[in-house]
Amino acid sequence: MARPPSWFTGAIAHKPTTRSVEVDGCAVNYLTWGDPNLPCLLLLHGGAAHAHWWSFIAPQFTQRYFVIAPDLSGHGDSGRRDNYTMEQWADEVMAVAADARAPGRPIVVGHSMGGHVAIAIAARFGHDLAGAIIVDAPVRAPDPESEEGERGRMFKNPKTYPDLETALDHFHLMPPQPCENDFIVDHIGRHSLKETIDGWTWKFDPRVFARERYQTNNYLERATCRLALMHGQLSDLVTPEVQDHMEKLTGRNAPMVEIPQAYHHIPLDQPLALIAAIRAILADWDHSIDKKRLRDLTT
């Protein structure tokens, strides 16, 4: 495994504060970094993932933002439910922001399934947001993790392993793709596992993938906050056809930003490029007028 670069080791040395809030009878775990008096940046993970997918990225924003990354129910160290919906996860994210007493209107960044949650939040709670950044979350097709859950053995029947290292040997990205940053894969893999009396197994609830396929076309079209769309240059999911469809749904009022040399899992492939792209969007929003909000206030 390659030796981690100093930016990565410095980031994960910046330990988050761990908190929890009960939302509709389920404990939702979340991590925070930085000064809680600063504007809030909410980071949402994908399916079968967890908040620590952002733990090497979140500290890069703490100079200007109070950063929060929740474990959506059925993921990470949060509790489990009998069933899961996009709307329930959206409610959880807003409850986490309220519990953390985040000032003002937060900005939401969501990757993959988390991007779909962010789209739902932008439609249902858009007036309470300063913006939403959607990262490689195709709208016309189900998110890749759900698709794998419907047809795959990996997510529906998680196995138990005798020790942590054996379990890590079986940790794979889904959808499959190369990733040169094996130190990041190792980091998120270690946070994806828990020890039980029978051995080591994955933290996510397999029932997450038993839900009906969802479509967020209507939600994307109804978003009432500023949006930015991002995709990996090498992603097989946000194809040119999907990009065009998403741009049409947003009225071509949201920038579509391509992250060079990135597959679907952009936070792992090109974390520094993703950080730079998000910073650029945030800097622009900080110095420009939210035309959607201004129009709503004057009509």
(message) Which numbered condition in (1) modelled with pLDDT of 95 or more; (2) of a type in the set (Gly, Ala, Ser); (3) under 16 Å from the mean Cα position of the chain (by Cα) is the only one that residue 11 fails?
(response) (3)
(request) Run residue 74 past the list (1) out of contact with any Ser or Thr (no Cβ under 9 Å at 6 or more places or on another chain); (2) within 15 Å of residue 188 (Cβ to Cβ) and report the number of the one that doesn't hold. (result) (2)
(message) Can you tell me how many residues within the range 98-120 are over 17 Å from residue 230 (Cα atoms) and in contact with a strand residue (DSSP E or B) (Cβ under 6 Å, 6 or more places away or on another chain)?
(response) 4
(request) Could you tell me whether residue 21 is part of a strand (DSSP E or B), in contact (Cβ under 8 Å) with a residue 24 or more places away in the chain, β-branched (Val, Ile, Thr) and farther than 26 Å from residue 277 by Cα? (result) yes
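The values are calculated or read from the model by the stated rules, or taken from the named source; none is laboratory data. The shown structure was predicted, so the numbers you read here are calculated from the model rather than taken from an experiment. In this analysis, Cβ positions are derived from the backbone assuming ideal geometry, glycine residues included, and neighbour counts consider all displayed protein chains.
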